[in-house]
Each structure stands twice: as structure tokens, then as C-alpha cells.
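Read-outs throughout are calculated quantities, based only on the coordinates presented, and are distinct from any laboratory measurement. Everything quoted here is computed from the prediction, not taken from an experiment. With ideal geometry, Cβ positions are generated from the backbone for all residues, glycine too; neighbour counts draw on all protein chains shown.
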Amino acid sequence: MVAALPSDGFVLETDSPDMPLSGHQGERNEPKRIAEVCRAVAKLRGETEADIAAYSTANAARLFGLTFV
């Protein structure tokens with residue numbers, strides 16, 4: 001499913017604090033683990049982490065009406 005999404009069809013998030021990532025069961029989830037989510041998505045999509053981060057940032061900005069200077 002992750003690989004099939006268009007680049008403008010997702011944002012990265014961590015389900016903090018209640019749903020820990022794989023390998024972190026029993027621990028509190030933290031937003032600082034977003035890089036791990038990015039790595040996993042990049043691997044599944046066969047794209048770079050930089051591309052995934054850029055897509056997610058642009059999508060979140062559009063979704064929430066944010067502007068960056």
C-alpha cells in the first residue's frame with residue numbers, strides 16, 4: 001500500500017505515544033522516531049529518505065495551510 005500511494009498522498013507520523021514502532025514494543029513512542037518511519041517508507045517505495053521527507057513536508061504544509069520561510 002505504501003509503495004502504491006502517490007507522492008502527494010501521505011504525510012509521515014509516529015502514532016505517538018501509544019503505538020510503538022516495530023522493534024520498540026513496550027516503549028513509549030516518541031516523535032523523535034519519525035526518521036525511522038521515513039527510512040521504512042523510503043525503503044518500501046524505493047526512494048531516498050530526502051525525497052520522502054520533502055513529499056511529507058509539502059503534503060503537511062498543504063493539508064494544514066502552513067508556509068515555510
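Some notes on this structure:
- Formal net charge of residues neighbouring residue 17 (Cβ-Cβ distance under 14 Å; K, R +1; D, E -1): -2
- Computed over every Cα-Cα pair of the stretch 28-69 and binned at 10 Å starting from 0, the pair-distance distribution P(r) comes out as 28, 44, 28, 0 percent.
- Per DSSP, loop trypsin sites (Lys or Arg not before Pro) in the chain with at most 14 further Cβ within 10 Å: 28
- Fully extending the segment from residue 34 to residue 48, taken as 0.36 nm per residue of separation minus the present Cα-Cα distance, adds 3.6 nm.
- Those GluC sites (Glu not before Pro) in the chain that DSSP places in a loop and that have at most 16 other beta carbons within 10 Å: 13, 27, 47
- Volume of the convex hull of the stretch 1-63 (Cα atoms only), normalised per residue: 86 Å³.
- Computed from Cα positions, the angle between helix 34-45 and the longest principal axis of the chain comes to roughly 70 degrees.
- By the beta-carbon count within 10 Å of each Cβ, the least crowded to most crowded order of 68, 10, fewest first, is 68, 10.
- The chain: angle of helix 49-64 to the longest principal axis, Cα-based, in degrees nearest 10: 70
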